[in-house]
1. When you scan region 192-209, how many residues do you find that are in a loop (DSSP other than H, G, I, E, B) and over 18 Å from Ala144 (Cβ atoms)?
2. Testing Leu85 on (1) hydrophobic (A, V, I, L, M, F, W, C); (2) under 28 Å from Gly193 (Cα atoms); (3) open to solvent by less than 30 Å² (accessible area, probe 1.4 Å); (4) touching a residue at least 40 places away in the same chain (Cβ under 8 Å), one condition comes back false. Which one is that?
3. Specify which of the listed residues (Arg220, Arg216) is surrounded by 15 or more Cβ atoms within 10 Å (Cβ to Cβ), out of contact with any strand residue (DSSP E or B) (no Cβ under 9 Å at 6 or more places or on another chain) and either modelled with pLDDT under 95 or part of a helix (DSSP H, G or I) (or both).
4. Looking only at residues that are within 23 Å of His196 (Cα to Cα) and touching a strand residue (DSSP E or B) at 6+ places or on another chain (Cβ under 7 Å) in region 134-155, which one is most open to solvent (accessible area, probe 1.4 Å)?
5. For Cys131, which of the numbered conditions (1) closer than 29 Å to Pro178 by Cα; (2) surrounded by fewer than 22 Cβ atoms within 10 Å (Cβ to Cβ); (3) touching a residue at least 24 places away in the same chain (Cβ under 8 Å) fails to hold?
6. Sort out which residues of region 237-246 are open to solvent by less than 30 Å² (accessible area, probe 1.4 Å) and within 25 Å of the chain's Cα centre (by Cα), and write them in order of number.
7. Inspect all residues belonging to region 157-175 and state whether any of them is in contact with an Asp or Glu (Cβ under 7 Å, 6 or more places away or on another chain) and within 25 Å of Leu49 (Cα to Cα).
8. For Leu103, are the conditions met, namely being more than 30 Å from Lys181 (Cα to Cα) and touching a residue at least 60 places away in the same chain (Cβ under 8 Å)?
Amino acid sequence: MTEVRAKKALGQHFLTDLNIARKICDSLSGGTAAEPDAVLEVGCGMGVLTQFLLQRDDVVTYGAEIDSESVEYLHIHYPAFAPRLVEGDFLAMDLRARFGERLKIIGNFPYNISSQIFFKVLENRDIVPECVGMIQREVAVRLAEPPGSKEYGILSVLLQAWYDIEYLFTVGEKVFSPPPKVKSAVVRLRRNGVGHLDCDEALFIRVVKASFGQRRKMLRNSLRAGFGDFGGREHRFFSMRAEQLSVADFVELTQWVSDNK
């Protein structure tokens, strides 16, 4: 088996530039040779990134790959890696049960599920201290944007609540097979010092999603759609739009909603 056929339905664009693969690998921190960190590569493809991860002695690399053709290829070309390669849908995996209490995530993420991958990281934020991913450039910009930007949205707020986000570098279209129609970028997420938000965290997520549900409207109208009219009571943010609020502002707003819903 010489190569894997890229499948449009799986959002596959295989990275072909070894220098970029090495750079992505080097962007992820590790443990030590004595106590290596567990790392899960999401979407291993033909192992372009995998090969560099396997060279490191400060990580133990696992893989999640949904494409049976890629799994077969990896078994042939990286037989020592095969026992740590899980065939299946990363989004459906119980990461804690399968990988334990600490797991870093890396990958050239399929563009069609990149946002879902980050939501999965969020769900497992207590065991995922770091994530390095190559995604569509426009999504990467959105994740790292500060308040006030038109790109700032639901995923920006939720990820920035628990992670420090760095836009590392841009990647052109020609280093993939087949080439995507958009530029890519590599981002790194590292857990910040926030253990718990100073509010109901499940409600915080609901408030953020409701606030951006009608992002062109003032928050008064956006929140009314999700929570009712609060008995006519007003908050100082109600005349603002969701994109103007920082994480701390959303925490304050969540506390208010909790007290007034």
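The values are calculated or read from the model by the stated rules, or taken from the named source; none is laboratory data. Computed from a prediction, not measured in an experiment: that's the story for all the values here. Every residue, glycine as well, gets a Cβ built from its backbone with ideal geometry; the counts of neighbours run over all protein chains shown. Ligands, DNA and RNA are stripped out before the accessible areas are found, and what is left, the full protein with its side chains, is counted by its heavy atoms. Shrake-Rupley method; radii C 1.70, N 1.55, O 1.52, S 1.80 Å.
1. Residues flagged as in a loop (DSSP other than H, G, I, E, B) and over 18 Å from Ala144 (Cβ atoms) within region 192-209 amount to 7.
2. (2)
3. Numbers: Arg216 fails: surrounded by 15 or more Cβ atoms within 10 Å (Cβ to Cβ).
Selected residue: Arg220, the only one of Arg220, Arg216 that is surrounded by 15 or more Cβ atoms within 10 Å (Cβ to Cβ), out of contact with any strand residue (DSSP E or B) (no Cβ under 9 Å at 6 or more places or on another chain) and either modelled with pLDDT under 95 or part of a helix (DSSP H, G or I) (or both).
4. Ala144
5. So the condition that Cys131 fails would be (2).
6. Ala242, Leu245
7. Yes, because at least one residue in region 157-175 is in contact with an Asp or Glu (Cβ under 7 Å, 6 or more places away or on another chain) and within 25 Å of Leu49 (Cα to Cα).
8. On the way: more than 30 Å from Lys181 (Cα to Cα): yes; touching a residue at least 60 places away in the same chain (Cβ under 8 Å): yes.
Yes, satisfied.
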